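The values are calculated or read from the model by the stated rules, or taken from the named source; none is laboratory data. The structure presented is a predicted model; accordingly, all values stated were derived computationally and were not measured. For neighbour counting, all protein chains shown are included, and Cβ atoms are generated from backbone atoms with ideal geometry for every residue, glycine included. SASA here: full protein model, heavy atoms, side chains in, ligands and nucleic acids out. Shrake-Rupley method; radii C 1.70, N 1.55, O 1.52, S 1.80 Å.
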Amino acid sequence: MERSLTMELVRVTEAAAVASGRWMGFGKKDEADAAATTAMRKVFDTVPMRGTVVIGEGEMDEAPMLYIGERLGLGYLPEVDVAVDPLEGTNIVAKGTWNALSVVAVADRGHLLHAPDMYMDKIAVGPEAVGKVDINAPVEDNLKSVAQALGKDINDLVVVLLDRPRHSKVIEDVRRTGARIKMISDGDVAAAINTAFPDTGVDLLLGSGGAPEGVLAAVALKCLGGEIQGRLLPEDDEQYQRCVQMGIEDPGRVLFMDDLVKGDDAIFAATGVTDGELLKGVRYRGTQATTHSLVMRARTGTVRFIDGKHRLEKKPNLVLE
């Protein structure tokens, strides 16, 4: 892929963030998501690539835009898989809380897992703890290994979990070790990324969340040198067969980094919609908006933080319609 594509993808996430950020605190998650999706789709039409959505807003009959299988870009090379979450954290924006993102990931065609929309059990760590975790191991063993890799005591660790009843056993196991826990309402892509940045205060992600979000997090962590392992959790035979139809012959097997995103030619971009540990949210002042974005490329390991200043009267694609 051309390295210039990295900046093109930042334009995409900036547009979605600026459009959806206007809905912060209004309690209208669907409207916020629609604004992000519309703005993202418009800017994708200007990107020099031949993209196919493999993770998006749903099937063609469920989503008018950014549906799985939709073609994106100007229609010429590079040919890429595209994973999008125009608004990762719709409830976060509706409530005005932390860590909502607009997210895009691309990789060479056929290199992203076509993850079905179901739960995935996950464990994620930053670069220093790569190779030290095992999704099949007891929680205590994983925490001991991560603590040793980071040069910390277990009670210094911070483990992030989605605040869900299904995690009661994991929470109990973590507390028994003495490690600390940060509960989040939504947004485990941001939580997975945070494990790779010591200043965020996050050491480990555990628990189950969306499978599509697991692939997005995998692209980010591949760029950052981190690690995520996952296991799909189909809830019934219909979901099991859905996995098989999407090419996952054994839905119960552990998915490693190269199962989630093959090779090293992948790009990840995210723009903050609301404030988080890593990225600031969108700021508005009259006809201007400022954004804070992260863009990374796995092949080079380059990580860029980008501050954007936008004159909205000159960028109709960023204006909420």
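Points to keep in mind about this one:
- Qualifying residue in region 28-44 (condition: open to solvent by less than 60 Å² (accessible area, probe 1.4 Å) and over 19 Å from residue 67 (Cα atoms)): no
- Checking each residue in region 35-52 for being in a helix (DSSP H, G or I) and touching a strand residue (DSSP E or B) at 6+ places or on another chain (Cβ under 9 Å) picks out 35, 36, 37, 38, 39, 40, 41, 44.
- Filtered by the rule that a residue be assigned to a loop (DSSP other than H, G, I, E, B) and among the aliphatic types (A, V, I, L, M), region 88-140 gives 100, 113, 115, 118, 130, 133, 135, 137.
- Residues of region 9-25 that are under 12 Å from residue 273 (Cβ atoms), in contact with a strand residue (DSSP E or B) (Cβ under 7 Å, 6 or more places away or on another chain) and open to solvent by less than 10 Å² (accessible area, probe 1.4 Å): 13, 16, 17, 18, 20.
- Within region 281-310, being outside any strand (DSSP E or B) and either within 12 Å of residue 102 (Cα to Cα) or aliphatic (A, V, I, L, M) (or both) holds for 281, 282, 298.
- Here residue 231 meets each of (1) assigned to a helix (DSSP H, G or I); (2) at pLDDT 95 or above with one exception, condition (1).
- Conditions (1) open to solvent by 40 Å² or more (accessible area, probe 1.4 Å); (2) among the hydroxyl-bearing types (Ser, Thr, Tyr); (3) closer than 27 Å to residue 303 by Cα; number of the one not met by residue 67: (3)
- Filter result for the condition that a residue is out of contact with any strand residue (DSSP E or B) (no Cβ under 8 Å at 6 or more places or on another chain), on the phi < 0 side of the Ramachandran plot and open to solvent by 20 Å² or more (accessible area, probe 1.4 Å), over 288, 239: 239
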